[in-house]
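Okay, so here's the structure we're looking at.
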Amino acid sequence: MQIRPVWGFPSLLIDGDERYLLIADLHLGFEENLRKKGIYIPDQSRDLAMDAVNIARSCDAKKLIVLGDLKERIGSHKRTEERINQAISLWLQFFDRIIVIKGNHDGLLERMVPREVEVVGSQGTVIEGVGLFHGHSWPSDDVLNSRYLIMAHLHPAVLMEDENLRELVRVFVFSRVKLHGRREKKRAIIMPAFNKFLGSALLNKGEVPKNYRGPIFSHGTIDLRESDIFTLDGFYLGRLSDLYIQQ
């Protein structure tokens, strides 16, 4: 079994007995929230769904896992449901299995998707020996007992700046896992948000904002400071502790 980023894109491949494309944090329907703030952008749902299909085609993956926050509105909303149905309809034409692990925005999701879509609770699941969960709630024991953990929720990014440059860069975070009372070594990957229009937790500008934190960080299970940071293109930026920007 291999886990590897699809370099150039905010996605991972789990390559075992089956090959899964893994994406997270689409927040379909996010345009409505921006509209309330006076920011108008076209509906991105079809483009986001099609991006996933094109990435899957490029690496011959016929199974899709959405690692939480498929949608933006926490409850039910007509326009959000329409956008979810648009994305799912497109995916069902290409993928032969679709799994959505619920994030904190995915309330009532089971009522909004067709029965062909497998909806998993927020404690996550294990696929090909890999523990998968969104990250806003504590994962199940089965997930924690996996050698590798993959999570999302954080929308990780770093701020790169000098005299002439100031750029927010979405990143993959490769971390070590520390579980109380256990000696076995575990690794975790924190995925970037698939939707480039979303806000991000700027990891190198002090503490992670409260709205991005989950219990996995509150309990010290993952030490972000000692994590390895990679851009979407696979460029290694270094340890997060070496990337902090002076306030």
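Here is how the numbers come out for the structure above:
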| read-out | value |
| --- | --- |
| Every residue from the range 139-166 that is among the acidic types (Asp, Glu), open to solvent by 90 Å² or more (accessible area, probe 1.4 Å) and not in a loop (DSSP other than H, G, I, E, B) | 141, 142 |
| Some residue of the range 75-94 being modelled with pLDDT under 95, farther than 19 Å from residue 43 by Cβ and surrounded by fewer than 14 Cβ atoms within 10 Å (Cβ to Cβ) | yes |
| From the options 34, 48, residue that is of a type outside the set (Gly, Ala, Ser) and under 27 Å from residue 121 (Cβ atoms) | 48 |
| Criterion (open to solvent by 40 Å² or more (accessible area, probe 1.4 Å) and in contact with a Phe, Trp or Tyr (Cβ under 9 Å, 6 or more places away or on another chain)) met by exactly one of 196, 205, 178 | 205 |
| Failed criterion for residue 210 (all others in (1) at pLDDT 90 or above; (2) closer than 30 Å to residue 41 by Cα; (3) not small (Gly, Ala, Ser) hold) | (1) |
| Strands (runs of 3 or more DSSP E) contained in the range 1-96 and holding at least 2 residues β-branched (Val, Ile, Thr) | 63-66 |
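So that you can scan it fast, the table gives a plain yes or no per residue for (1) buried (at least 17 other Cβ atoms within 10 Å of the Cβ); (2) in contact with a Leu (Cβ under 6 Å, 6 or more places away or on another chain):
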| residue | (1), (2) |
| --- | --- |
| 18 | no, no |
| 23 | yes, no |
| 32 | no, no |
| 41 | no, no |
| 47 | no, no |
| 54 | no, no |
| 61 | yes, yes |
| 64 | yes, yes |
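The values are calculated or read from the model by the stated rules, or taken from the named source; none is laboratory data. This is a predicted model, so every value here is computed, not measured. Using ideal geometry, Cβ is built from the backbone for each residue, glycine included, and neighbour counts are taken over all protein chains shown. Remember, those area values only see protein heavy atoms, side chains included, never the ligands or the DNA or RNA. Shrake-Rupley method; radii C 1.70, N 1.55, O 1.52, S 1.80 Å.
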